[in-house]
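Enquirer: Take this structure, written in structure tokens, and hold onto it; I'll ask about it next.
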Amino acid sequence: MDYQPWFSGSILSIMKNLIIFTDLDGTLLDYDTYSFEKALPALQLIREKHIPLVICSSKTRIEIEHYRKKLGNSHPFISENGGGIFIPKNYFNLRVESLEFREEQEDTYTVIRLGARYDDLRKAMEQLRSEGFNVRGFGDMTVKEISDVSGLSIAEAAMAKERDFDEPFFFDGENHELPRLFEAVKAKGLKHTQGRFLHILGNSDKGRAAAVLIDLYKKELGEITTLAIGDSLNDVPMLEKVDCPVIVRKHDGEHDERISIANLVKEDGTGPEGWARAVLRFIGETKN
Ligand SMILES: [Mg+2]
């Protein structure tokens, strides 16, 4: 295990107001079963301590709402790899407004949109196909097909298809062709990332979205300490924005070796098991 002490005494003494950002797939949720059961003791502890847990996932709004309900979570969340930030009404005392971002008031949330328009991503998929790339997005697939490739139930696969800002896709080709595909994505002014699936998205990522919330928490609470837990490349921008970045082992039992960030902690344990270990150790060590 790559154990590193997280805090020196001096940092420990200034730690305040812990905020936890978390990925879902393969991190808080088991890769195969999408269960967070192994993380329950840690989830219970952060609930008792009223520590905000901000979900930051490639999943859609409706999928995340489903898990928030299961988790009894009422904190802000980030959908579709940073495409949308959803802040429950009256969550922050201060008014959430920024000239920099498009913001919409809904009944239950203030929504900040950072992501591309889904229609534009679908057009880009068409263009990639016409350029000879054999790509297929969730928008090209039936709910049954999404269920088959993801292991999601039919009901959950239907929620995964309700997309606003990001398109998960499959590429039927050789690995050595991937750089050319990614160049073609870039030539359209778009980006790609990788979690469980490949994704095409606009100028948004988990880190940009997390930074917006970190800023709001700071304005609200003053000094804060931020922890983020992930497992894949699409978590890197989020991990780079926090004080304490953590990755858990992927379903193959390995840490993603492509992730290299200063201060990165590679927690022992796969998915939710590693997640619980990280949270319990962190809170235990910091006496939050
Ligand atoms: Mg993940």
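The values are calculated or read from the model by the stated rules, or taken from the named source; none is laboratory data. These figures come from a predicted structure and were not determined experimentally. Counting neighbours? That spans all protein chains shown, and the Cβs are built from the backbone with ideal geometry, glycine included. Remember, those area values only see protein heavy atoms, side chains included, never the ligands or the DNA or RNA. Shrake-Rupley method; radii C 1.70, N 1.55, O 1.52, S 1.80 Å.
Enquirer: Looking at L178, L198, can you tell me which residue is open to solvent by 30 Å² or more (accessible area, probe 1.4 Å) and of a type in the set (A, V, I, L, M)?
Expert: The conditions single out L178.
Enquirer: Return only the number of the condition from (1) open to solvent by 60 Å² or more (accessible area, probe 1.4 Å); (2) more than 22 Å from E65 (Cα to Cα); (3) within 20 Å of the chain's Cα centre (by Cα) that K161 does not satisfy.
Expert: (2)
Enquirer: Here is a follow-up. Which residues, counting only those in region 207-226, are open to solvent by less than 10 Å² (accessible area, probe 1.4 Å), more than 16 Å from the ligand (Cβ to nearest atom) and hydrophobic (A, V, I, L, M, F, W, C)?
Expert: Selection gives L213 alone.
Enquirer: Go through (1) open to solvent by 10 Å² or more (accessible area, probe 1.4 Å); (2) assigned by TED's automatic domain parsing to the domain that holds I62 for V111 and report which single condition fails.
Expert: The single condition V111 does not satisfy is (1).
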